[in-house]
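> Dropping a structure here in structure tokens format, bear with me for questions.
What follows draws every value from the coordinates through simple rules; no lab data is involved. None of these values were measured; they are calculated from a predicted model. As a convention, Cβ positions derive from the backbone with ideal geometry for all residues, glycine included, and neighbour counts pool all protein chains shown.
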Amino acid sequence: MMNWEEKRKQKRALIRLKAEYRGKNLWQMVEARDISAGGMFIATDKVEPAQTKVELLFELGKDEHKKTICVEGVVAWNRLKPLKDEKGELQPAGMGIMFTKITPSVSKNAIDEIVKEMDKGG
């Protein structure tokens, strides 16, 4: 059985950060749980259907190196309620967001740097 990590094209960093989410029917503050240059998972009980176009606004980095990032994307998948994964760990309700546009364009590099830093144990 193939797991999510084997299916992903890009490495993800486990991260917790606040993000402003705007979808078709919702505007809410959410918590991102992981991120890659291609997308992120946001934990929320208020989910929208797959293929819903969304916008997210969040900050990455520390202090004077902090960057505000705006992304457009689509809901790739959703989890309507918490459930246990194959390891028995409880996973929250939420949505997997696939990025379609990142601005400013240098933001993709900032996301890649966060993933590399976390991969090194930072």
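> Note down the nm distance, to one decimal, between modelled labels 7 Å out along Cα→Cβ at MET29 and at GLU55.
1.9 nm
> Report, in debye and to the nearest 20, how large the dipole of the chain comes out about its Cα centre when Lys and Arg carry +1 and Asp and Glu carry -1 on their Cβ.
220 debye
> Projecting each Cα onto the charge dipole of the chain (Lys/Arg +1, Asp/Glu -1 at the beta carbon, about the Cα centre), which of TRP77, VAL115, ILE15 comes out farthest on the positive side?
Working it through, the farthest residue towards the positive pole turns out to be TRP77.
> While we're on this one: Quick one: length gained pulling TRP77 to LYS62 fully straight, 0.36 nm per residue minus the C-alpha distance?
2.4 nm
> So what is the diffusion coefficient of the stretch 63-122 in µm² per second by Stokes-Einstein at 25 °C and 0.890 mPa s, using a Kirkwood Rh over Cα pairs?
175 µm²/s
> Based solely on its DSSP helices, what 222 nm [θ] is calculated for the chain when runs of n ≥ 4 H residues each add -39,500 (n - 2.57) and the sum is averaged over all residues, nearest 500 deg cm²/dmol? Spell out each step's value before the answer.
On the way: 2 runs with 17 residues, N = 122.
Roughly -4000 deg cm²/dmol at 222 nm, from the helical runs in the chain.
> Taking a quarter of the surface of the Cα convex hull of the chain, what do you get in nm²? Can you show the working numbers first?
Details: hull surface 31.2 nm².
Over every viewing direction, the Cα hull of the chain projects on average to 7.8 nm².
> Another question, then. What FRET efficiency do you get for CYS70 and ASP45 if R0 is 22 Å and r is their Cβ-Cβ distance, rounded to the nearest 0.05?
The calculated FRET efficiency here is 0.35.
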